[in-house]
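Below: one structure, written as structure tokens.
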Amino acid sequence: MTASPLSDGVVPRILIVDDDRVNLKVVAIILDDVVCDIEVAQSAQEALDSIRKASPALILLDVVMPGTDGFEFCRTLQADPSTREIPVIFITARNNAQDLIAGFEAGAVDYVT
């Protein structure tokens, strides 16, 4: 079943943030049937640059990235009034309880392993 644009005709934009190109492709393939614009970023800085251009409807975020990790990046988004309302879902292989708790404490709305 294919989704339709939002009632105002706007197609939602999803930002996928992961330093691994294979993971980016896998998530993009999973979202292939969803009517949305997909943007990708391979670092927190690339993601910030993308967000400054156009705010996404959703951010799918990896935890383990070089430089700024996903938890820190999520906290940065939560601290900024212009980005704190963007929902963040962690998509990661890290599945221990401490990481799950850290993800929600950082401000994520969900944590998928």
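The values are calculated or read from the model by the stated rules, or taken from the named source; none is laboratory data. None of the values given here were measured: they were computed from a predicted structure. Methodologically, a virtual Cβ is constructed for each residue, glycine included, from the backbone with ideal geometry; neighbour enumeration extends over all protein chains shown. In case anyone asks, the SASA skips ligands and DNA or RNA and just uses the protein heavy atoms, side chains included. Shrake-Rupley method; radii C 1.70, N 1.55, O 1.52, S 1.80 Å.
Figures for the structure shown
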item	result
Potential extension, Asp69-Phe104 segment - 0.36 nm per residue separation minus Cα distance	11.2 nm
Zone residues, region 84-102, relative to Val34, backbone N less than 16 Å from point 7 Å out along Cα-to-Cβ	86-92
Relative contact order (%) - criterion: Cα under 8 Å, at least six apart; region: the chain	23 percent
Value of relative contact order over region 47-113, rounded to a whole percent, pairs C-alpha under 8 Å and six or more apart	34 percent
Solvent-accessible area, 1.4 Å probe, carbon plus sulfur percent, for the chain	54 percent
